[in-house]
1. Taking the stated definitions as given, is Asn106 over 19 Å from Arg180 (Cα atoms) and within 17 Å of the chain's Cα centre (by Cα)?
2. Which one is surrounded by the most Cβ atoms within 10 Å (Cβ to Cβ) among residues in the range 50-74 that are touching a residue at least 40 places away in the same chain (Cβ under 8 Å) and polar (S, T, N, Q)?
3. Within the bounds of the range 78-86, is there any residue that is of a type outside the set (Ser, Thr, Tyr) and in contact with a His (Cβ under 7 Å, 6 or more places away or on another chain)?
4. Filter the range 75-103 for residues that are more than 16 Å from the chain's Cα centre (by Cα) and not in a strand (DSSP E or B); which is surrounded by the most Cβ atoms within 10 Å (Cβ to Cβ)?
5. With the requirement that a residue be under 29 Å from Asp87 (Cα atoms) and modelled with pLDDT of 90 or more, what does the range 32-57 give you?
6. Look at the range 98-117 and say how many of its residues are over 19 Å from Ile137 (Cβ atoms), among the β-branched types (Val, Ile, Thr) and in contact with an Asp or Glu (Cβ under 6 Å, 6 or more places away or on another chain).
7. Pick out the one residue from Leu118, Leu112, Leu174 that is at pLDDT 90 or above and aliphatic (A, V, I, L, M).
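The values are calculated or read from the model by the stated rules, or taken from the named source; none is laboratory data. Since we're looking at a predicted model, the values are computed, not measured. All Cβ positions, glycine included, derive from the backbone under ideal geometry; neighbour counts span all protein chains shown.
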Amino acid sequence: MLRTILASIFIVFTCATLASAQSQPAQTRPDLSGAWKLNPQKSDLADDYRYALSLGEESINISVHDPEIKLTRRYSFGESNSIIYTDGRTASNRDTTGETFKLSANWDGRKLISRYALHRSFAGNPETVDVIDEWTISNDGKTLTLKTTMRYIQRSTDAAHREPFRGYVPRLWLKRVYDRI
């Protein structure tokens, strides 16, 4: 008898928990769509001397039709278009130098994380850099932050690199802050 009562309480508790979980709204993704102007005063671009990811960048237009996100970046010298898929597909894009790179992305809660590799030459030495972009939007929807982490995964001879790049895998960071326009 006691077992039957405990089993009944367990079943009722389990059903109530499942019903409560289903009635809660799913976590919504932020709306990145719109026109955004780079705010250099709020941005930290000190590490961008090497790869010039933000060199001459003025604004970005984003069009979201999940799972597809289209980006148009405007620079002082022109513009570039790229695409991001958030459903596991890899997108092929071209960077500002015309080099093709493959990008993968996924949502992590309210943060969009994209990853790709850049192949560059610095001071005549080939390098491959792993790039991770984290896109977040402020709670009021007026500020977009793009945090970029660059990690060297292949370098030419170590002797070709001056400090602080000799002897370990260096990381560079950028923080681009955009205001909605």
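1. Judged against the criteria, Asn106 is a match.
2. Ser54
3. Checked the range 78-86: no residue is of a type outside the set (Ser, Thr, Tyr) and in contact with a His (Cβ under 7 Å, 6 or more places away or on another chain).
4. Thr96
5. Selection gives Leu32, Ser33, Gly34, Ala35, Trp36, Lys37, Leu38.
6. In the first step, residues of the range 98-117 are kept if they are over 19 Å from Ile137 (Cβ atoms); the result is 98-104, 115-117.
Pick out the ones that are also among the β-branched types (Val, Ile, Thr) and you get 100.
Next, from what is left, pick out any that are in contact with an Asp or Glu (Cβ under 6 Å, 6 or more places away or on another chain): none.
Number satisfying all stated conditions: 0.
7. Numbers: Leu118 fails: at pLDDT 90 or above; Leu174 fails: at pLDDT 90 or above.
So the residue among Leu118, Leu112, Leu174 that is at pLDDT 90 or above and aliphatic (A, V, I, L, M) is Leu112.
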